[in-house]
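What follows is one structure encoded as structure tokens, with my remarks underneath.
The values are calculated or read from the model by the stated rules, or taken from the named source; none is laboratory data. Note that the structure is a prediction, hence the values are computed from the model and not measured. Counting neighbours? That spans all protein chains shown, and the Cβs are built from the backbone with ideal geometry, glycine included.
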Amino acid sequence: MRRDYTLYLFAAIGSFLIVYITLPLLVIFLKQASDFGMLVKTLHDPLVIRSLRNSLLTATATALIAITFGVPLGYALARMEFRGKSLVQAMVDVPIVIPHSVVGIMLLVTFSRAILDSYQGIIAAMLFVSAPFTINAARDGFLAVDEKLESVARSLGASRFRAFFSIALPIALPSIFSGAIMTWARAISEVGAILIVAYYPKTAQVLVLEYFNNYGLRSSRPISVILVAMSLTIFVLLRWLVGRERNA
């Protein structure tokens, strides 16, 4: 039988994107390693530490809010058929296509001083751009659950609410976790909407841009390295935990 090299060809073609993504990460870490003193100085900057803490707290709060409201919506979209469902699903994806500076303007026009320069404003901006990841992942996870399993549970006397928690949710949990991870990652990477809605309290994403504009590349690079390293570590750890859950 002739050996088929199609997969090897596709892998070789696709490796361009892997290299393209990996190269800037390697370069920025190597460049910073040659300027280690600046990294140490940055790590001792109280403003940097505070901004990193703000980014972590707000991104985590955003992910929790998205799970609280997004999982029930995902389940409803997976199980219900109703007029206008396609419109609802389209609206879920709308934040993905709206420029992020426009998101900031819309939120500011809608909520005004209630979110201006506050933690609420940061979370509002993060939630708008990242919630679709949780909703879509939850919906896809519940669609993969055989509805007959829930029907059997209900025929044995369980309510739909109990069937959800005992059957559907445990099976869909890996997908929901994956969506939550992507929501967290998207939230911590947001900057455009936050710049407009809540320049203060400062987040690391905004501080990087401020240091670059005011002091140049050398001053902004260490914060970028710290933020990338922190985000990648948490992201990989969460992905590993989800992978273990899937294989359990």
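In the range 158-176, what residues are modelled with pLDDT of 85 or more and surrounded by fewer than 21 Cβ atoms within 10 Å (Cβ to Cβ)? Listed by number, the residues that qualify are Leu169, Pro170, Ile171, Leu173, Pro174.
Is it the case that some residue within the range 48-55 is exposed (fewer than 13 other Cβ atoms within 10 Å of the Cβ) and either polar (S, T, N, Q) or in a helix (DSSP H, G or I) (or both)? No, every residue in the range 48-55 fails to be exposed (fewer than 13 other Cβ atoms within 10 Å of the Cβ) and either polar (S, T, N, Q) or in a helix (DSSP H, G or I) (or both). Put simply, of Phe161, Phe128, Phe165 the only residue that is free of Cβ contacts under 8 Å to residues at least 60 places away in the same chain, under 20 Å from Leu64 (Cβ atoms) and assigned to a helix (DSSP H, G or I) is Phe165.
Only residues that are among the small types (Gly, Ala, Ser) and over 18 Å from the mean Cα position of the chain (by Cα): list them for the range 69-83, please.
Ala76, Ala78
Confirm whether Phe111 is over 30 Å from Ala172 (Cα atoms), free of Cβ contacts under 8 Å to residues at least 40 places away in the same chain and part of a helix (DSSP H, G or I). Considered against the rule, which asks whether it is over 30 Å from Ala172 (Cα atoms), free of Cβ contacts under 8 Å to residues at least 40 places away in the same chain and part of a helix (DSSP H, G or I), Phe111 comes out as yes. Contact map, the range 6-22: first residue on the phi > 0 side of the Ramachandran plot, second residue acidic (Asp, Glu) and surrounded by fewer than 10 Cβ atoms within 10 Å (Cβ to Cβ), Cβ cut-off under 8 Å, separation 6 or more or different chains; the map is empty.
Considering the range 181-207 alone, what residues qualify as being crowded, with 22+ Cβ neighbours inside 10 Å, β-branched (Val, Ile, Thr) and touching a Ser or Thr at 6+ places or on another chain (Cβ under 7 Å)? Residues satisfying the conditions are Thr183, Ile188, Ile194, Thr203.
Check whether at least one residue in the range 84-102 is outside any helix (DSSP H, G or I), more than 18 Å from the chain's Cα centre (by Cα), modelled with pLDDT under 90 and within 30 Å of Phe161 (Cα to Cα), and report yes or no. Before you say what the answer is, go through the steps one by one.
So the first thing to find is which residues in the range 84-102 are outside any helix (DSSP H, G or I), and the list is 84, 98-99.
Now restrict to residues that are more than 18 Å from the chain's Cα centre (by Cα): 84.
Narrowing further to those that are modelled with pLDDT under 90: 84.
Filter once more, so that each one left must be within 30 Å of Phe161 (Cα to Cα): 84.
Taking every residue of the range 84-102 in turn, at least one turns out to be outside any helix (DSSP H, G or I), more than 18 Å from the chain's Cα centre (by Cα), modelled with pLDDT under 90 and within 30 Å of Phe161 (Cα to Cα).
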